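Heads up, the thing below is written out as structure tokens.
The values are calculated or read from the model by the stated rules, or taken from the named source; none is laboratory data. It should be emphasised that the depicted structure is a prediction, and the values quoted were computed from it without experimental measurement. Here the Cβ is made from the backbone with ideal geometry for all residues, glycine too, and neighbour counts use every protein chain on show.
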Amino acid sequence: MAGIKEECGVFGIYDLDGGNVVPSIYYGLTSLQHRGQESCGLAVSDTKGERGNVKFHKDLGLVSEVLRQDVVRKYEGDIGIGHVRYSTTGASVAENAQPLVLSYVKGTLALAHNGNLVNTPELKWELIQNGAIFHTTTDSEVIAFHIARERVHSKTVEEAVLKTAKKIKGAYGLVVMSPRKLIAVRDPYGLKPLCLGKRGNAYVIASESCALTSVSAEFIRDIEPGEILTITKDGLKSNKELASAAKRAHCVFEYIYFARLDSTIDGVKVYDARIRGGKSLAKSYPVEADLVTGVPESGLPAAKGYSEASGIPFAFAFYKNSYIGRTFIKPTQEERESSVHLKLSVLESVVKDKRIVLVDDSIVRGTTIANLIHMLKEAGAKEVHVRISSPPFLHPCYFGTDVPSNDQLIAASHSTEEICKMIGADSLGYMQTDYLEGMAGGLPLCKACFDGNYPMEIPDYTNAEFADIVKC
């Protein structure tokens, strides 16, 4: 599809009873597949075995494709991490798949990262000047190298992680594994989600609570913004030195689009947030219509909320073909547009001679929604009124959400009235920015892609004095 793309998902587990965690990593990553479909992988270790004995497997593809049964049978351990990836930094190539595994003077380190740093060039330049050679084009490798370098001069790996976390700027949910420890790190703003669960005597870390449910783990709590949580055979140890001064700024798109419906993030149920968003749309942009429908899957909960608040009946107007696969990853605009017809077909008997409210989570380029409106009207819909459960995209995201550049954002160069005409809608209404906090249960949010107010300073590496840094 021609919309925004998912982020990444991380998973970690340490079974203190010594049970094999590989099946749990598989199921945890499968439940996080919505966060990234380009590549995936796992790394595991036996804490009672040789130090540095970390085994890993990763490649391009879905979890079911990469971690096939004949593959995972070869791996066993009581501590491990996993990752599903959508590339926001670095190309979609096998070399950039995670977890990253480093062997260095102190042993072995494995890392999985969700998010994006804003000071990567500076951090990478520092390493290059000291002789580092990079094997990927991701900012995750920069984080891993800095941890390894700090570990040489630190008493523990968690101390090295803390020193590195004080250097990096941006958004991150990290799981770090040494052969005897599992460490979770969340950025001080809380931009990226991370939570803790427990199953018997096993501790689980995941990007979303739905991954805990998939392995029968009980949700304990969210990792706090700025918290470093270390899990060892002796239990849990928390460090919150990073959390002192930073203001909270949770990514609004977790609640609008990214997270799975059955997840709870920072105390807010995702399904309830999307219902509230739809109700806000109905309050802001009422219209006379015969039915409300949503674009599968992300537009459906907001459509249900719009229906509840407006009293207009909710109905399914589209059939989604679940067996098409990853058709949104298309190299050309023409292929992206044709993929809409492959994935969705209109239920003509539902929409014929009806005035329809069509709800979706966002408009990026406008091509997908225009195709859907055309399909509805071809099937006999009399009117199509579009309601979007996010404000217009006006600014780039630097924190790991793949929002296209401004020249590809239709709202950056066109008014709402112009967009309405371009996509062929009878009316168009976007979520008002003022309603976003209420939708997300009152949480402080990062809304920079809508209002340009970034929670941190974004370094400018385009100046001449940074020419060498940019080249790296």
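Counting only helices (runs of 4 or more DSSP H) that fall entirely inside segment 383-461 and contain at least 1 residues that are of a type in the set (D, E) and either surrounded by 18 or more Cβ atoms within 10 Å (Cβ to Cβ) or touching a residue at least 40 places away in the same chain (Cβ under 8 Å) (or both), the qualifying elements are 448-451.
All conditions in (1) closer than 20 Å to D353 by Cβ; (2) in a helix (DSSP H, G or I); (3) of a type in the set (A, V, I, L, M, F, W, C) hold for A289, with the sole exception of (2). Taking the numbered list (1) loosely packed, with under 15 Cβ neighbours inside 10 Å; (2) at pLDDT 90 or above in turn, K471 passes all entries but (2). Of all residues assigned to segment 283-297, none qualifies as being under 20 Å from T433 (Cα atoms), under 29 Å from the mean Cα position of the chain (by Cα) and crowded, with 23+ Cβ neighbours inside 10 Å. Condition check for D272 on (1) over 27 Å from G170 (Cβ atoms); (2) within 12 Å of the chain's Cα centre (by Cα): one failure, at (2). If the condition is being out of contact with any Pro (no Cβ under 6 Å at 6 or more places or on another chain) and among the hydrophobic types (A, V, I, L, M, F, W, C), then segment 283-316 contributes V287, A289, V292, V295, L300, A302, A303, A309, I312, F314, A315, F316. The residues on offer are G12, G41, G18, G28, and the sole one that is part of a helix (DSSP H, G or I), modelled with pLDDT of 95 or more and small (G, A, S) is G28.
Candidates L100, L62, L123: the one that is buried (at least 17 other Cβ atoms within 10 Å of the Cβ), closer than 19 Å to A171 by Cα and under 19 Å from the mean Cα position of the chain (by Cα) is L100.
Filter segment 128-147 down to residues that are part of a helix (DSSP H, G or I) and surrounded by fewer than 19 Cβ atoms within 10 Å (Cβ to Cβ) and give me whichever is nearest to the chain's Cα centre (by Cα).
Result: I128.
Residues that are charged (D, E, K, R) and more than 23 Å from the chain's Cα centre (by Cα): does segment 355-374 have at least one? Steps first, please.
We begin by selecting, within segment 355-374, every residue charged (D, E, K, R); these are 355, 360-361, 365.
Remaining after also requiring more than 23 Å from the chain's Cα centre (by Cα): 355.
Yes, the conditions are met somewhere in segment 355-374.
Screening segment 345-360 for residues that are part of a loop (DSSP other than H, G, I, E, B), free of Cβ contacts under 8 Å to residues at least 60 places away in the same chain and among the charged types (D, E, K, R) and picking the one that is nearest to A317 (Cα to Cα) gives K352. Looking only at segment 10-35, which residues are among the small types (G, A, S), more than 18 Å from I183 (Cα to Cα) and either surrounded by fewer than 24 Cβ atoms within 10 Å (Cβ to Cβ) or free of Cβ contacts under 8 Å to residues at least 12 places away in the same chain (or both)? Correct list: G19 only.
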